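Structure record follows, encoded as structure tokens.
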Amino acid sequence: MEKETRNQNRRERIRIIPDRKANRTILWRTIILMLLFGAVTFAPLFHRLYTIQIKEHATYQQRAIDQQTMDNAVSANRGRILDANGKVLAMSATVYDVIISPKDFENLQANWDKAFTDNSGRILTEKKNYYPRPEAEDIANELAAILELEPEKVLQRLEKDSYYEIAASRVEDEVADQIRALITDRHLSNSVYLIPTAKRYYPYGSLASQLIGWVNWRNDNKGAYGMEALYEKELAGETGRVVTAKDGKNRELRYSFQDYYDASDGNDLTLTVDTTIQYYSERILEKGIEMFDVQNGGFVIAMDPKTGAIKAWANSPTYNLNDPWDVTDPILSQYLETVQNDPTALEDAYNTALKDMRNRQWRNRAINDTYEPGSTFKSMVLAAALEEGVVNENSTFYCPGFYVVADRTISCSKKAPGHGSQDLAQAVANSCNPAFMMIGQALGAEKFYDYLEDFGFLEATGVDMQGESHINPVSAGLIWRRDKFTSANGITNLATASFGQGLQVTPIQLITAASAVINGGHLMEPYVMQSVTTPDGTVIKQNESTEVRQVVSEETSRRCRAILEGVVDGGTGKRAYVPGYRIGGKTGSSETLESRRGEDRTIVSFLGFAPADDPQIVVLLAFDKPLPATPGNNLTAKGYYISGGNMAAMMAGELLGDILDYMEVEKVYSEEERAKIDMTVPNVVGQTAQIGREAAQNSGFAVRTVGEGETVTAQIPAGGAVIPSGSEIVLYLGQEKPTDLVTVPDLRGQTAAQAQATLAQVGLYLKISGSSSYMSSNAIVAGQDLTIGAEVEQGTVITCSFSDNTMID
């Protein structure tokens, strides 16, 4: 019994002794399960924390900064753009943003209430420094009147829950002064204030607009088009910053935190362009467009042929750089008005038309657009042929008025019987197409194509301007492929290319190539940027002239200059003649796709240089689509024959004369020229008869005296008038000068000699507009400045423009 009891107790002890191995197993299982559960549960959290704290730390840091701070830009002063002589073409000046702080205005009113009312609400007008309470509606009305805004919109801003509202942007000093006076008079400190910023000004308005470009302050405040865009990095400078704290409602905490980073002003850009030459170029372009009823505008490029420096770059239509969105060109404006008044036009037609017209006036056509150069291209053909020795000054060419190439008969500008037999200089002066087709054939297609490449027509010029295409002209279909041009089937292409048709070039390509013809044979890279300087005047970038290659020899270039001078001295370019100056050049009348379809669109042009023996300036001038009087007519409504020789040469001659005068190139007159030039009438009133007579005669005028006195009491015309040398001056010696008015006669259709005689009969004088080739018997009056039939005093000078309808190239 006792033994059994002991065994039972032993078994009970064995049962209550824990199973340590089992417990350990359960424990580890529990730990593992907890770890697995924890890993599954907390892994996404850890991943998210890793992403926020490490992987995307910079992003969330920036978001925190953005939420807690307000970052306001401080504009840098943009660098100036200067012409070659230091005249300012573009500049930045300080203007102001007008800021309203509605919360501060509320505090202002609350402070006023504490200062100038008692516990009962009575206004303490007798209190020292009292001023009327600033009411929101009153302040809004006064601000609106100064800023020319609607009072309701200003009041809406003034009543917002904000510390910062822009009432107006970029106001001028005059308006800013009025705002300052309002702040002082109405005690609005901190409630209304001014923040200085910069505005771009263009002192010359539309001058060189496509070349300079403008700053688009409506968008990103960066340069748009032209030099402003191309040299954005150099001009812009570095914007500064003012960083302040803000609350959760995006309101500035103006007195809690501020950090200021200075702005760095931009660099100045000096151009090769000369403001005076640019002005002359734009003036002559505008004059020709009006005179010849030009419908599609035109362009002028003036360049230093020895360096490639651009001296002027004019396009039409143009625009005012200070308001580039405004369309002011008469033809573009008329088109917009037509669209606006068209009852059948679609609803958005005007906006579409406005966008198109703006793009058209902003377009830099002298670099963006291509055209067939016509006979101006003959300058390069002449140089290539002389360089290769396939022609010389003794070569002769017979022109019956046409030339047969393969199965095609190609007409000369002078129809049968044509120019007849002519030497090389005469063929160039006559701009004879058959002669140049013969020259092209003598040169051969392979050599011709070689010179297309050498003169740069198969590549970009490299000019530092926006818009020059770098697409190969062959790939663009502007010039034939070599294999096509040199094939047996390409003979017609060679013929038409010899007088500048069938290929497309840009104006800058053409004038660059022409410069190589006359400057000694050097193809120069054109450029516009002369230098970049820091605000303190340190030059950090300087442009130098760059020669691309030698195309022809110095000797060939000299021979070309002599032959091209003959174009102006009696050839198709004689309207470019200016007494005292030696001018050379080449006329052109270019076909267009429209003209080949029978429409009236011709591009008339002139490529001129001077002095002919040592060129200092070369110009390319063109007018696109002079309007004929009637469809298919060769004359405009004003009687001008539509041709490069009759239109572009006349304007280019006047332009070159102005430029050479400005450059102080000395005039050298022949005896024959001295008898033709315009002279200024001396003022001899008050002089003795003898001294007056001698002064007039020494100035190149004939003299007639009226009266028997010893002193000149009056004269016709008055001193300072400019009339042709040899004209008769009447000196009155004590006798009264006639006061009767005379009638202005109609001089249209008369030669210079006839017009001079007609005017002399009624006591009036003739002055010639433009170049002085009016002595040609073929030149007739096309227009006169004074109205026909008007009553004027005797001695009045009538300025006439002339047209020579025999010049058809």
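Overview of values
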item	result
Conditions (1) β-branched (V, I, T); (2) touching a Phe, Trp or Tyr at 6+ places or on another chain (Cβ under 8 Å); (3) free of Cβ contacts under 8 Å to residues at least 60 places away in the same chain: number failed by I410	(3)
Condition check for L354: outside any loop (DSSP other than H, G, I, E, B) and crowded, with 18+ Cβ neighbours inside 10 Å	no
Residue ID - most open to solvent (accessible area, probe 1.4 Å), chosen from residues in segment 523-536 that are touching a residue at least 60 places away in the same chain (Cβ under 8 Å) and not aliphatic (A, V, I, L, M)	P535
Pick from segment 600-632, criterion without any contact (Cβ under 8 Å) to a residue 24 or more places away in the chain and either out of contact with any Leu (no Cβ under 9 Å at 6 or more places or on another chain) or not in a loop (DSSP other than H, G, I, E, B) (or both), ranking: farthest from V781 (Cα to Cα)	D614
Residue satisfying all of: in segment 198-221; in a strand (DSSP E or B) and modelled with pLDDT of 90 or more; farthest from S169 (Cα to Cα) among these	W214
Single unsatisfied condition, F116 versus (1) touching a residue at least 24 places away in the same chain (Cβ under 8 Å); (2) surrounded by 16 or more Cβ atoms within 10 Å (Cβ to Cβ)	(1)
Residue among G608, G566, G584 that is touching a helix residue (DSSP H, G or I) at 6+ places or on another chain (Cβ under 9 Å), modelled with pLDDT of 95 or more, more than 18 Å from K414 (Cα to Cα) and surrounded by fewer than 24 Cβ atoms within 10 Å (Cβ to Cβ)	G566
Enumeration of residues in segment 178-199 that are buried (at least 17 other Cβ atoms within 10 Å of the Cβ) and polar (S, T, N, Q)	S191, T197
Qualifying residue in segment 385-401 (condition: open to solvent by 10 Å² or more (accessible area, probe 1.4 Å), among the hydrophobic types (A, V, I, L, M, F, W, C) and closer than 27 Å to K625 by Cβ)	no
Output for segment 380-418, where each listed residue is basic (K, R) and either over 26 Å from A514 (Cα atoms) or modelled with pLDDT of 95 or more (or both)	R408, K415
Selected residue (criterion: farthest from Q794 (Cα to Cα)) from residues of segment 707-750 that are surrounded by fewer than 17 Cβ atoms within 10 Å (Cβ to Cβ) and aliphatic (A, V, I, L, M)	V722
Residues located in segment 247-292, provided they are at pLDDT 65 or above, part of a loop (DSSP other than H, G, I, E, B) and open to solvent by 40 Å² or more (accessible area, probe 1.4 Å)	D262, D265
Counted residues, segment 473-519 - those being within 26 Å of N543 (Cα to Cα) and either assigned to a loop (DSSP other than H, G, I, E, B) or open to solvent by 50 Å² or more (accessible area, probe 1.4 Å) (or both)	2
A442 within 27 Å of G571 (Cα to Cα), modelled with pLDDT of 95 or more, surrounded by fewer than 18 Cβ atoms within 10 Å (Cβ to Cβ) and in contact with a helix residue (DSSP H, G or I) (Cβ under 7 Å, 6 or more places away or on another chain)	yes
Candidate set: segment 97-110, residues that are of a type outside the set (D, E, K, R) and open to solvent by 40 Å² or more (accessible area, probe 1.4 Å); chosen: the one farthest from V192 (Cα to Cα)	A110
Pairs with Cβ under 7 Å, 6+ apart, first in segment 424-449 and in contact (Cβ under 8 Å) with a residue 12 or more places away in the chain, second assigned to a helix (DSSP H, G or I) and open to solvent by 20 Å² or more (accessible area, probe 1.4 Å)	A425/G566; V428/G566; A429/G566; L443/E388; K447/E388; Y449/R482
Residue count for segment 512-532, restricted to those that are under 22 Å from L607 (Cα atoms) and in contact with a helix residue (DSSP H, G or I) (Cβ under 9 Å, 6 or more places away or on another chain)	14
Counted residues, segment 656-685 - those being outside any loop (DSSP other than H, G, I, E, B), open to solvent by 50 Å² or more (accessible area, probe 1.4 Å) and under 30 Å from A714 (Cβ atoms)	3
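The values are calculated or read from the model by the stated rules, or taken from the named source; none is laboratory data. Because the structure is a prediction, the values reported are computed rather than measured. So basically every Cβ, Gly included, is an ideal-geometry build from the backbone, and we count neighbours across all protein chains shown. Ligands, DNA and RNA are stripped out before the accessible areas are found, and what is left, the full protein with its side chains, is counted by its heavy atoms. Shrake-Rupley method; radii C 1.70, N 1.55, O 1.52, S 1.80 Å.
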